[in-house]
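To keep things clear, I will list the structure first and then write my remarks on it.
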Amino acid sequence: MTIPQERIRNFCIIAHIDHGKSTLADRLLEYTGTIPERKMEDQILDRMDLERERGITIKAQAVRMIYRADDGKDYLLNLIDTPGHVDFNYEVSRSLAACEGALLVVDASQGIEAQTLANTYLALEHDLEIVPVINKIDLPSANPDGVKREIEDIIGLPADDALLVSAKEGIGIKEVLEAVVKRIPPPKGSEDEPLRALIFDSLYDSYKGAIAFVRVMEGRIEPGQKIKMMSTGRTFEVTEVGIFSPDMVSTDSLRAGEVGYVVAGIKNVKDTRVGDTITNAENPAEKPLPGYKKAVPMVFSGVYPADGEDYEKLREALEKLQLNDAALFFEPETSAALGFGFRCGFLGLLHMEVIQERLEREYGINLITTAPSVVYRVKKTDGQEITVDNPTNFPDPSKIEYIEEPYVEASIMLPSDYVGAVMELCQEKRGIFKDMQYINEKRVIMRYDVPLAEIIYDFFDQLKSRTRGYASLDYEFTGYKKSELCKVDILINGEIVDALSFIVHKDKAYARARLLVEKLRDVIPRQLFEIPIQAAIGGRIIARETIKALRKNVLAKCYGGDVTRKKKLLEKQKEGKKRMRQLGKVEVPQEAFMSVLKMG
Ligand SMILES: Nc1nc2c(ncn2[C@@H]2O[C@H](COP(=O)(O)OP(=O)(O)OP(=O)(O)O)[C@@H](O)[C@H]2O)c(=O)[nH]1
């Protein structure tokens, strides 16, 4: 069935976590018969198990629906899902760029949250038509009028005609579909222009290779065509195009205004970069679509197999994950303490946790990971400028002219009762106050400039616990600023343990060093000799603890002559040894590393 361009609608859903995006998407699919009810898995749009468990959307997906509207005509609706987390802001902006409109879903009992606001602004920047949807009106605590006022006051959008919906109970679903048809404009581009298709996501398939998810802006794309990726100039031949309904179904072509996928024997997702423009190699467009950026990792961490024998397995797993994730960076690294492993770069903390969890869960590899670090810029006294993402490479303090660290602008939305608590937190985290704005009598939004390193330390957890979970956070990278930073080394028995070194602001070095040294004292078992544990900046010791010597005799408990019991105990001791890391003369249990590294 061909549907003319004026009856195509491309839209996405902007919502805060838990405000009901997936439930609403499911209802739309159900109502349009895209998915027969019996086939409905709970939530179609979030496909990864991990996403489902954590209740967050990580990767963008798309789905196509046919809706017969009140005017009796069939409309083709493409719903493009957007990732719901700040780490993936760039992906969100590309998904938005593929649409003409957005449903702004707000929980009737919660109101607008920081992330929603940030994404709505992004959508407005892309000139999207925004349709406010107030969800969960079935809840006794629902306050749709209050939420309407918020939408008008904070975002400045008229909300009189906001739709009142209960995705759970299926109330107002048809009204949502009618609003999509009536209020969101159809796509504009012409089919006769040279091809320009925006890549908003990609997927790796072991048979078909990297599959690009695209929105065709102008022109047309079909099998047999030679295409060119405009950011790299690489060319490929299209073997298949198709749509998401919601599984991939091949079609003859994709025309201007349509959303679908492109297979072209592309081996690596690095060649299907989100935000890149696909054009016709023989009749190329003059300019690519605006807004392309290469994904840059912001957070780095050392990832080591707990069992050294898993090294190859870890490499293979990282390679596999990278096939589907162009933003994941890794290179081999060695540590005196942890052996062979990899330095990995991530878009943010959540991205890091997701990758680590997948390595452990899907690939069955136990990991030791070092504390995450941001990327510092160091200007050396000899004029050289270097970037440092690993404390091990931090230059000697005498050779440093100055250091710069990345800053973000954090927007925090919270009930006004917690303003004091959040100000205190932001100050502790070296935040610089920018402004504060009342949304209504009860809620405010505060903006601070905060070093990214503080955000990745434990900012979010602290924010949640100090506001009883009522605050929401969004942040955006703003640039580098000079900062008084130093590297703290940890010495066990006089030897530096490279995996435990960290970079920290001078004012915080002492407190963090104390904490770490005390923790190590508690987790390293006593051994036959006394062990000093020290923290040092350059050659200066700033904290010290001592583990007293002990003659550890596991057989002491077995008085009498029960040989088998003795043997068993010795066996057990040997097993334990395997999980020990030898640091000079000192044996440190792996759990000690884990517990210490988890602190960060
Ligand atoms: N009472 C009520 N609960 C709802 C409604 N819509 C969704 N929920 C519930 O709210 C919770 C979150 O809904 P989801 O659809 O998973 O939220 P989401 O926005 O997709 O969340 P993410 O996938 O994390 O972005 C679920 O427990 C839903 O059952 C509604 O209209 N009324």
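Values in this text are rule-based calculations from the coordinates and carry no lab data. If you're wondering where the values come from, they're calculated on a predicted model, not measured in any experiment. Using ideal geometry, Cβ is built from the backbone for each residue, glycine included, and neighbour counts are taken over all protein chains shown.
For the range 170-213, the pair-distance distribution built from all alpha carbon pairs, in bins 10 Å wide starting at 0, is 20, 23, 30, 25, 2 percent. The helix-only estimate of mean residue ellipticity at 222 nm for the chain, built from DSSP H runs of length n ≥ 4 each weighted as -39500 (n - 2.57), is -7000 deg cm²/dmol after division by the residue total. The average projected area of the range 376-483, computed from the convex hull of its Cα atoms over all directions, is 7.3 nm². Here's the list of aspartates and glutamates a cross-link from residue 548 could span, going by alpha-carbon distance under 13 Å and ignoring same-chain residues fewer than 8 apart: 522, 530. Look at the dipole of the chain built from charges on Cβ: of 277, 392, 173, the Cα furthest out on the positive end belongs to 392. Averaging the sequence gap over all C-alpha pairs within less than 8 Å and six or more residues apart, then dividing by the number of residues, gives the range 91-198 a relative contact order of 28 percent.
Among the trypsin sites (Lys or Arg not before Pro) within the range 396-472, which fall in a DSSP loop and have no more than 16 other Cβ atoms within 10 Å of their own Cβ? The qualifying sites are 442, 468. In loop segments of the range 200-263 as defined by DSSP, the chymotrypsin sites (Phe, Trp or Tyr not before Pro) with at most 10 further C-beta atoms inside 10 Å of their C-beta are 207.
Between 0 and 90 degrees, the angle of helix 21-31 with respect to the longest Cα principal axis of the chain falls at about 40 degrees. Size descriptor for the range 190-341, Kirkwood hydrodynamic radius: 16.8 Å (Cα pairs only, one decimal). Inverting the pair-averaged 1/r between distinct Cα atoms of the range 227-269 gives 11.4 Å as its Kirkwood hydrodynamic radius. Scale the Cα Rg of the range 196-280 by the rule-of-thumb value 2.2 N^0.38 Å and send over the ratio, two decimals. Relative to the 2.2 N^0.38 Å estimate, the range 196-280 comes out at 0.93. With each label modelled as a point 7 angstrom along the Cα→C-beta vector, the residue 362-residue 234 pair spans 2.0 nm.
Rg/Rh, computed from the Cα trace of the range 254-329 with Rh as the Kirkwood radius, has the value 1.11.
For the chain, the longest principal axis of the C-alpha atoms and the axis of helix 563-578 are separated by about 60°. For the chain, the equivalent ellipsoid built from the Cα gyration tensor has semi-axes of 48, 29, 25 Å, listed from largest to smallest.
When each of the peptides 305-316, 265-276 is scored by how many other beta carbons lie within 10 Å of its residues on average, the order from highest to lowest is 265-276, 305-316.
Indicate, rounded to the nearest 5 percent, the antiparallel portion of the DSSP beta bridges found entirely in the chain. The antiparallel proportion sits near 85 percent. What number, in percent, do you get for the relative contact order of the range 196-280 if the mean sequence gap of Cα pairs under 8 Å and at least 6 apart is divided by its residue count? Answer for the range 196-280 is 42 percent.
Classification of the range 141-183 by its C-alpha gyration tensor yields an oblate form. The axis ratio a/c (a ≥ b ≥ c) is 1.5 or more, and b/c is at least a/b. Among the GluC sites (Glu not before Pro) in the range 424-525, those located in a DSSP loop and surrounded by at most 15 other Cβ atoms within 10 Å of their own Cβ are 441, 484. Can you work out the FRET efficiency for the pair residue 544 and residue 435, with r the C-beta to C-beta distance and R0 = 56 Å, to the nearest 0.05? Computed FRET efficiency for residue 544 and residue 435 comes out at 0.80.
Rounded, prolate or oblate: which fits the range 392-448 when a ≥ b ≥ c are the square roots of the eigenvalues of the alpha-carbon gyration tensor, with rounded for a/c under 1.5 and prolate only if a/b beats b/c? Since a/c reaches 1.5 and a/b is larger than b/c, the shape of the range 392-448 is classed as prolate. The angle between the Cα long axis of helix 419-428 and the longest principal axis of the Cα atoms of the chain comes to about 50 degrees, rounded to the nearest 10. Between residue 171 and residue 385, the contour length at 0.36 nm per residue exceeds the alpha carbon distance by 71.1 nm. Computed on the chain, with alpha-carbon pairs under 8 angstrom and 6+ residues apart, the relative contact order is 9 percent.
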